[in-house]
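Inspection log for the structure reproduced underneath, given as structure tokens.
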């Protein structure tokens, strides 16, 4: 009984305190109602976020005994970034004033993961001897990090790692082995007359222009026939084709001095086997049945009869035999050159084993580094070049090697060491002779270090070193410069840069992104569509179209383009689910089905 009485007493005391205190304390829960953030959707600008917290405090809640502090903070991940303390009312009371105005400009650094955060506002009210904590207020959900979509060759999860930087290359026309180029001239069924009045354009253009650094040594024409009855009926058809094509070639002005040889290949299945290898019209098992016949010891006629028994013979013969009514043209290009693999492999092996490089000139080493396939090989060769033949080429190209090794390095300490090494190499190359390529590469190194100010200075200097406005390097450099303009918040300037950049899916996308961030959605739409047209396998153009659709409240276009974007890129799929621009659609079933 005593316990029940004590419990009833405590309950009465609790209700008494609630009645006494609630009106005085709970009334402050509305103190933040008139406060908001501008913009309503926070956006990353350069490397920071800017927001204005504005509004008013309700006058009825304020008197000379009241002091109000505000504490904005940005919450993300497992913690929060506190953005200051603001004493917005200190007890100074004016009966004429209708409200206490608040205008605070806040700038805070962007940190990774903030796109999934929230700007919140807390308050403390000191009323006489009491400290009251009103309900906090959410001012802005999430953060628009669209500038981070800028494409600069950075490593993207689940996508191939791109090569970055530019090697200075040399034309080593005299260091390659002989090569051959193959062409096919087709003929009508059972005819030996060369079609048209000349020769096919591809062959004509090649014979006219040749290949840089090579001379045509000889041309070999091999006449062939198809296993069709109309062709088999003329045993000399292959010979006539090769001879007629030879006559046609040497009668063309400028081609009369070519050395032309002729040959024939008849009653032979070699050319058919080559076509069958790449043919996708039948299954692998069906192909194997053909190969068993073609590789048997039977004669040509017996093999043909066996092939004719196959259910797929009509399909295969109708699609492949017409391509055998032809003459094969092999153009041999001569030059007294070393073998590519021989030089690169030999130099690397000798360096690995600590042997001397007797017999190898400076040009040999430069060529070996240029032809080496692996970064490890290039590093050893160019490092040796900097020691015995220091030059712009040696330091620049070694810097590019370090740059690409850093691009692939996961350990941040090792990555920064490699970036610093590349910067040293590019600076040494420019010390020897200021040049646009090494200055561009210096900018790329700063980009990898995320030092976008220094990167912009270097990339701009690289453009300044080029005098020819139509230079392909300058146009490429302007594309990188435009991308840096986006990251630096100069969106309109970026669009001008991209007008001079190469027309590819990356520059079109970056151009669309610049227009999008400048809130010129019409031009953004055009640029994103151009990106899609250049490469429909790339998801970024579709993602850009989805962003524009979201701004235009076009849910149908948003869903269609987003679906195409995330089906092409796992990175864009992960980004889209946290994209603050899509926040109005997150609760719609159509939107969420895209991610299933």
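Just a few scattered comments:
- Legend: P(r) of segment 91-164 from all alpha carbon pair distances, 5 Å bins from 0, whole percents, reading 3, 9, 11, 15, 14, 11, 8, 8, 6, 5, 4, 3, 2, 1.
- Dividing the helix sum by the residues of the chain, where each DSSP H run of 4 or more adds -39500 (n - 2.57), gives a mean residue ellipticity at 222 nm of -14500 deg cm²/dmol.
- Zero-based 5 Å bins, Cα pair distances in segment 374-438, whole percents: 4, 21, 27, 25, 15, 6, 1
- Rounded to 5, the percent of DSSP beta bridges in segment 178-334 classed as antiparallel: 75
- Between 0 and 90°, nearest 10: helix 452-464 axis offset from the chain longest Cα axis: 40
- Debye log10 I(q)/I(0) at q = 0.08 Å⁻¹ for segment 340-520, Cα point scatterers: -0.31
- Principal-axis analysis of the Cα atoms of the chain puts helix 375-388 at an angle of about 80° to the longest axis.
- Contact order relative to length of the chain, as percent, for alpha carbon pairs under 8 angstrom and 6 or more apart: 11
- For segment 241-293, the fraction of alpha-carbon pairs lying more than 16 Å apart is 59 percent, rounded to a whole number.
- Relative intensity, log₁₀ I(q)/I(0), of segment 26-144 from a Debye sum that treats every alpha carbon as a point, q = 0.21 Å⁻¹: -1.12
- Spread over its residues, the convex hull of the C-alpha atoms of segment 132-205 is 360 Å³ per residue.
- Cα-derived Rg to Rh of segment 492-596, Kirkwood definition: 0.97
- Segments 396-402, 120-126, 313-319, 408-414 sorted - mean Cβ within 10 Å per residue, highest first: 396-402, 120-126, 313-319, 408-414
- Judged by the mean number of other Cβ atoms found within 10 Å, the most tightly packed of the peptides 466-473, 507-514, 197-204 leads the ranking 507-514, 197-204, 466-473.
- Segment 536-596 - percent relative contact order, Cα under 8 Å, separation 6 or more: 33
- Peptides ranked, highest mean first, by Cβ atoms within 10 Å: ranges 434-444, 47-57: 434-444, 47-57
- DSSP finds beta bridges in the chain, and of those with both partners inside it, around 90 percent are antiparallel.
- Segment 536-596 pair-distance distribution - Cα-Cα, 10 Å bins, rounded %: 26, 63, 11
- The C-alpha radius of gyration of the chain, expressed as a fraction of 2.2 N^0.38 Å, stands at 1.47.
- Relative contact order of segment 340-520: 11 percent, from C-alpha pairs under 8 Å at least 6 residues apart in sequence.
- Crossing angle, helix 237-250 versus the chain [Cα axis fit, 0-90 degrees, rounded to tens]: 80
- Rounded to two decimals, the Cα-based Rg/Rh of segment 178-334, with Kirkwood Rh, is 1.02.
- A Stokes-Einstein calculation at 25 °C with viscosity 0.890 mPa s, built on the Kirkwood radius of segment 416-468 over Cα pairs, returns a diffusion coefficient of 228 µm²/s.
Coordinate-derived values only; no laboratory data. Predicted, not measured: the structure shown is a model, and the values here were computed from it. Reconstructed Cβ throughout: ideal geometry from the backbone, glycine too, with neighbour counts over all protein chains shown.
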